[in-house]
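Q: Before anything else, here's the structure in question.
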Amino acid sequence: MTELAFWVIAIVLVSSALAVVLLRNVFRAALLLIVCFFGVAALYITLNADFLAAAQVLIYAGAIGILLLFAIMLTRDLHSGNPFHRLHLPALVLSLLLLATIIGVVIGTDWTTISEVPQVVEMPLDEPTTSYIAIALFDQDNGFVLPFEIASVLLLAALIGAVVLVRREGKD
Amino acid sequence: MSLGLEHYLILSAILFSIGLYGALAKRNAVVVLMCIEIMLNAVNIAMVAFSRYLVPDVVVLTGHVFAIFIMTVAAAEAAVGLAIIITIYRNRHTVDIEQADLMQG
């Protein structure tokens with residue numbers, strides 16, 4: 001069952017990501033990008049990551065998708081479409097080389113070895129992940145409390161920066 | 001052949017390469033930003049797959065925590081990036097990245 005779901009999701013993901021790159025209409029590309037975000041959320045569900053699936057739908061498909069659609073409407077550059085520039089062949093070669101390298105490394109590595117990384121928290125399979133993520137984030141000894149605080153400052157800086165950037169001069 | 005870590009990693013690699021190609025080869029700045037979002041999503045898939053498959057029978061959730069941080073940075077990056085693109089459009093009336101050459105010598 002999970003296998004069938006994985007293959008269906010994989011086909012949807014790859015085809016929608018290709019459509020984002022290849023479609024001429026920017027607005028349709030943005031809508032297919034939202035399809036791609038939903039596909040990633042479904043993939044998280046096949047990986048037992050329920051909290052991340054919900055966060056993916058809320059943050060990516062909701063917030064970032066709407067933000068991109070607003071940006072496309074505000075820039076009103078639909079008529080020029082979605083062209084490639086003159087260096088797209090070297091870019092294609094570079095991407096394919098990277099893909100071949102990663103696939104070679106993934107297939108060539110023996111993944112069955114158990115890692116020696118110090119583990120923050122372990123949980124049994126088939127349980128909701130939310131409380132375990134909270135333990136992993138805010139653990140006293142090897143949690144991520146300082147990065148969490150820095151992330152909140154980063155979000156505040158991004159908020160203020162976006163407001164300052166798009167504010168028109170001299171109107172207020 | 002049952003589903004394993006390799007399937008997720010290769011799917012993640014394919015998505016990352018598609019995003020990289022788009023980010024390098026497109027001229028519309030909004031589409032470049034969209035392709036960067038695809039790349040970040042591909043990395044998140046790899047993180048969560050490692051988290052799920054690295055140790056058999058239990059889940060080590062550090063990968064989930066990293067994915068949450070990547071999502072946070074992606075949201076901040078999208079907001080600031082789109083604000084910059086809108087500012088460029090307001091000043092130069094285009095979002096073509098080849099036209100944004102003010103600092104070219």
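Q: From A:L137, A:L155, A:L159, which residue is open to solvent by 90 Å² or more (accessible area, probe 1.4 Å) and under 23 Å from the mean Cα position of the chain (by Cα)?
A: Every option except A:L159 fails the conditions.
Okay, residues lined up against (1) open to solvent by 60 Å² or more (accessible area, probe 1.4 Å); (2) closer than 30 Å to A:D110 by Cβ; (3) touching an Asp or Glu at 6+ places or on another chain (Cβ under 8 Å); (4) not aromatic (F, W, Y):
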site: B:G63; (1), (2), (3), (4): no, yes, no, yes
site: B:I68; (1), (2), (3), (4): no, yes, no, yes
site: B:A74; (1), (2), (3), (4): no, no, yes, yes
site: B:G81; (1), (2), (3), (4): no, no, no, yes
site: B:R92; (1), (2), (3), (4): yes, no, no, yes
site: B:A100; (1), (2), (3), (4): no, no, no, yes
site: B:Q104; (1), (2), (3), (4): yes, no, no, yes
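Q: If you don't mind, another one. What residue, of B:I85, B:I45, B:I36, B:I18, is on the phi < 0 side of the Ramachandran plot, open to solvent by 50 Å² or more (accessible area, probe 1.4 Å) and touching a residue at least 12 places away in the same chain (Cβ under 8 Å)?
A: That would be B:I36, the only listed residue that is on the phi < 0 side of the Ramachandran plot, open to solvent by 50 Å² or more (accessible area, probe 1.4 Å) and touching a residue at least 12 places away in the same chain (Cβ under 8 Å).
Q: Moving to a separate point now. Please tell me if B:A76 is facing chain A (nearest Cβ under 7 Å) and small (G, A, S).
A: Considered against the rule, which asks whether it is facing chain A (nearest Cβ under 7 Å) and small (G, A, S), B:A76 comes out as yes.
Q: Of these, A:L67, A:L99, A:L32, which one is at the interface with chain B (Cβ under 7 Å from one of its Cβ atoms), farther than 30 Å from A:P128 by Cβ, part of a helix (DSSP H, G or I) and open to solvent by 30 Å² or more (accessible area, probe 1.4 Å)?
A: None of the others qualify; the one that does is A:L99.
Q: Pairs only if they're at least six apart or on different chains, beta carbon under 8 angstrom, first in segment A:131-160 and at pLDDT 90 or above, second charged (D, E, K, R) and part of a helix (DSSP H, G or I); list them, first residue then second.
A: If the second residue must be charged (D, E, K, R) and part of a helix (DSSP H, G or I), the pairs left are A:A158/B:E77.
Q: On to the next question. (1) at the interface with another protein chain (Cβ under 7 Å from one of its Cβ atoms); (2) closer than 25 Å to B:N28 by Cα; (3) in contact (Cβ under 8 Å) with a residue 12 or more places away in the chain: which one isn't true of A:L43, the others all being true?
A: In the conditions (1) at the interface with another protein chain (Cβ under 7 Å from one of its Cβ atoms); (2) closer than 25 Å to B:N28 by Cα; (3) in contact (Cβ under 8 Å) with a residue 12 or more places away in the chain, A:L43 misses (2) alone.
The values are calculated or read from the model by the stated rules, or taken from the named source; none is laboratory data. Quick caveat, the model's predicted, so the values are computed rather than measured. A quick note on method: Cβ atoms are made from the backbone with ideal geometry, for glycine too, and the neighbour counts reach across all protein chains shown. Side chains included, ligands, DNA and RNA excluded: accessible areas come from the protein's heavy atoms. Shrake-Rupley method; radii C 1.70, N 1.55, O 1.52, S 1.80 Å.
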